[in-house]
Amino acid sequence: MMNQDDIRTLNELKMLSIDMISRAKSGSPGLVLSMAPTIYTLFSRHLIVRPNEPNWINRDRVVLSSGNASSLLYAMLYLCGYSIRKEDLMNYCSLGSITPGYPEYGLTPGIEISTGLFGEGIGNAVGMALARNICQTIIDNEDDRIKLLDYDTYCICTDRDMIKGNAEESLSFAASKKISNLIFLYIHNNMIQDGPLDIVKQEDMVKKYQAMGFYVDYLKDGTNIKEIDKAILNAKKSGKPSILIMKVALGKESFNENTNITYNNPLATTDVANLRKKWNLFLPPFEISKDSMIFMQKNIQERTEKKYKKWIEIYNRSNSSTSLKLKEIIDSISQKQLHLSFDSDHYKINDGYCEPLTETNQKIMNMIAPQSNLFLGGSTDHFSTCQTFIKQNELSEKNKWIRNIYFGLRSHAMGSIINGMAVTGLKVFGSTKLIYADYIKPSIRMSSLMNIPVTYIFTHDTISVGEQGPAAEPIEQLSMLHTIPNLVVYRPADILEVMGSWETILKRNLPSALIITQNNAPKLPNSNAKMVSKGAYIIKQEKNRLDGILISSGSELPYTLQIAYDLEKNGLDLRVVSMPSMELFLSEGKEYEELILPKNIKRIVIEASNPLIWNRFASNNEMVIGLNDYGYSGHSNEVLKKMGFDYESLKIKVENLLK
């Protein structure tokens with residue numbers, strides 16, 4: 001049985017959340033009512049947090065994957081004493097408030113990540129839990145007496161989350177890695193927005209998740225605080241990642257209980273009034289009793305302070321350590337900033353240098369890697385082809401997987417998992433072939449929305465992968481990446497530009513996409529690593545008069561340079577501009593843009609991708625030589641010729657456009 005303090009506080013929490021939805025006319029009252037007992041039990045009985053120090057590095061993490069129930073989480077954070085005011089709750093979903101419709105990273109105290117659309121939060125939670133394990137393993141290698149990080153990660157999710165493909169991939173990954181500090185609190189309403197879950201999903205969830213490798217508990221009454229409490233305790237002792245399935249009707253206790261009506265529609269005024277009467281609440285809207293505030297905050301403080309005092313002793317011991325790596329981990333997780341650098345001036349490259357650019361990129365990554373064990377990442381079963389494996393591994397042979405994470409073919413999951421790792425303070429990358437960028441796009445969007453330093457490495461970037469056929473040949477993917485706000489796309493052409501790309505990526509510490517060709521790439525005359533930071537630069541200067549400008553990037557740049565030199569013999573004096581990053585170029589301003597690309601001169605762009613994104617740099621639409629159709633199956637040279645992207649075809653096109 002619940003005591004009177006529990007009953008009063010839980011009912012006030014529910015009412016406050018409903019008041020927020022009613023005022024904003026947005027949110028899911030059905031989820032709030034069914035989810036409230038679980039989130040209340042978690043915060044009142046288990047969560048180790050410090051509301052007055054919300055960024056304490058050993059706090060438990062809570063991820064709300066079902067973002068449309070955010071009013072409940074905000075109300076709970078307010079109740080616990082986080083820096084959220086009643087006015088903030090009243091401004092739920094309003095422009096400029098710290099209580100947006102979906103939780104947003106860096107905006108609201110106590111919110112760990114912007115969880116985005118359904119299923120993304122599942123992978124985010126996996127990433128946070130994995131990050132803790134990685135960091136503690138690195139600490140153990142320094143001093144196994146310092147148990148600095150032992151927090152748990154909880155993810156609150158629903159039927160609509162768990163049915164998503166990205167969630168299935170993330171769960172499979174978590175189980176395969178045996179991430180035991182991870183607990184999913186699954187609010188099982190058996191209801192989705194369109195109606196009963198049975199119309200789209202019929203499976204034995206308990207057997208399914210057990211077979212995957214999870215500890216699973218099924219609660220027939222997901223409103224029973226005593227049973228929820230017991231289930232969480234057992235999960236923490238299980239030694240496995242856990243899924244606790246709370247069976248509870250959507251919109252519990254409302255007039256429309258167990259129907260999809262309450263999913264995204266505010267409750268009727270009469271329904272809200274009935275709930276107030278049923279719960280014996282006589283406070284005005286948005287009011288919480290002083291007793292409930294004291295009760296909840298006292299619970300958290302008493303539970304957390306015991307652990308915090310012990311942790312401070314460990315922390316002080318770590319501070320007295322001479323290990324720089326230990327200090328780096330603490331600083332990185334505390335500040336969510338890992339400062340790495342790469343200086344291209346330290347290396348001299350022979351003029352005859354030529355090799356697949358993926359090999360070059362791997363060498364440079366392994367030059368960066370010794371700076372920190374927190375520089376790490378993974379691949380979607382493409383380590384051998386993307387060549388992003390970190391060979392210089394300072395960890396033990398047993399723990400070398402920590403720096404090289406095998407995601408399998410879980411492209412959707414990789415993006416959301418590395419986002420969760422990034423907000424924990426790690427410097428992460430994820431790699432795959434460019435054609436799979438479509439699978440990862442929702443996570444790239446979330447990296448960019450949060451402005452976190454995730455680096456996506458995409459290889460096999462043109463139709464020169466012809467033998468695999470048109471399905472494997474990227475056409476529109478580069479354009480898609482260029483349209484994502486805050487994401488800087490780098491497409492270097494040779495070793496110096498790869499160096500410059502990494503130098504800029506590490507200095508900016510923001511979301512990036514690095515596009516690397518698998519083709520042989522010679523060191524180009526006048527290539528300049530330092531100029532990558534400006535996004536574009538003149539790699540071939542005209543001699544006397546300027547008859548035209550050729551703009552290119554990546555694997556098309558060597559062709560473009562050769563065309564310019566050949567046409568010079570025919571009397572055409574051409575400038576060639578390398579543009580490894582159009583985003584950085586545009587950020588330089590109009591003066592630099594006009595210096596590199598004067599408007600009164602014919603400007604032709606050459607890139608083996610969709611041409612639309614390049615129109616602003618060319619003199620007109622016809623001056624963009626790109627690809628707006630799918631490729632063919634055949635040998636690379638055959639496909640390039642068929643698509644008009646072999647050297648001779650490009651040369652003829654350029655010459656005709658300049659006439």
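Quick note: the coordinates plus some simple rules give every number you see, no bench work behind them. Keep in mind that this is a model prediction, so the values were computed, not measured. Virtual Cβ from ideal backbone geometry, glycine too; neighbours counted across all protein chains shown.
Worth pointing out:
- Each residue, residue 255 and residue 335, gets one label point 7 Å from its Cα in the Cβ direction; the gap between the two is 5.7 nm.
- The modelled label-to-label distance for the pair residue 277/residue 163, using points 7 Å beyond Cα in the direction of Cβ, is 3.5 nm.
- Crossing angle, helix 290-319 versus the chain [Cα axis fit, 0-90 degrees, rounded to tens]: 50 degrees
- Close amide H contacts of residue 155 (hydrogens built in the peptide plane, cut-off under 5 Å, sequence separation of 5 or more or a different chain): 63, 183, 184, 185.
- Shape analysis of segment 416-537 places it in the oblate category; the axes a ≥ b ≥ c from the Cα gyration tensor give an a/c of at least 1.5, with a/b not above b/c.
- Note on the chain: dipole from Cβ charges, positive end direction compared against 406, 321, 100; the farthest Cα belongs to 321.
- Pair-distance profile P(r), taking every C-alpha pair of segment 1-127, with 10 angstrom steps and integer %: 13, 46, 35, 5, 0
- Per-residue extension of 0.36 nm, minus the Cα-Cα distance of residue 602 and residue 392, leaves a gain of 70.8 nm for this segment.
- Violating pairs (Cα-Cα greater than 19 angstrom) within the set 569/642; 178/236; 177/240; 348/530; 348/523: 569/642
- Using the Karplus relation 6.51 cos²θ - 1.76 cosθ + 1.60 with θ = phi - 60°, the per-residue 3J(HN,Hα) values for segment 55-65 come to 9, 3, 6, 9, 6, 5, 9, 10, 10, 9, 5 Hz, with x marking Gly and Pro.
- Karplus 3J(HN,Hα) series, Hz, for segment 430-447 with 6.51 cos²θ - 1.76 cosθ + 1.60 (x for Gly, Pro): x, 10, 6, 6, 4, 4, 8, 4, 4, 5, 8, 3, x, 6, 4, 4, 5, 4
- Relative contact order of segment 530-658, defined on C-alpha pairs under 8 angstrom at six or more residues apart (%): 25 percent
- Helix 495-508 vs. the chain, principal-axis angle (Cα, 0 to 90°, nearest 10): 30 degrees
- Phi-based couplings in Hz for segment 598-604 (Karplus 6.51, -1.76, 1.60; Gly and Pro marked x): x, 6, 8, 10, 4, 10, 10
- Size of electric dipole in segment 455-530: Cβ of Lys, Arg +1 and of Asp, Glu -1, about Cα centre, debye, nearest 20: 400 debye
- Extended-chain gain in nm, criterion 0.36 nm per residue less alpha-carbon gap, residue 371 and residue 346: 7.5 nm
- Taking the Cα centre of the chain as origin and assigning +1 to Lys and Arg Cβ atoms and -1 to Asp and Glu Cβ atoms, the resulting dipole is close to 1500 debye.
- Shape call, segment 344-522: gyration tensor on alpha carbons, a/c limit 1.5: rounded
- For the chain, the relative contact order works out to 12 percent when only alpha carbon pairs closer than 8 Å and six or more residues apart are counted.
- Remark: the residue 641-residue 354 segment gains 101.0 nm on full extension, using 0.36 nm per residue and subtracting the alpha carbon distance.
- Leading residue at positive end of dipole, segment 137-274 (Cβ point charges), from 264, 176, 154: 176
- Calculated FRET value between residue 198 and residue 268, using beta carbons and R₀ = 35 Å, to 0.05: 0.85
- Straight-distance crosslink candidates among aspartates and glutamates, where the alpha carbon sits under 15 Å from residue 290 and sequence neighbours closer than 8 are dropped: 5, 6, 12
- Relative contact order (%) - segment 4-305, alpha-carbon pairs under 8 angstrom, separation at least six: 26 percent
- When peptides 405-418, 263-276, 588-601 are ranked by their average number of other Cβ atoms within 10 Å per residue, the highest-first order is 405-418, 263-276, 588-601.
- Each of residue 321 and residue 298 was given a label point 7 Å from its Cα along the Cα-to-Cβ line. The distance between the two points is 3.8 nm.
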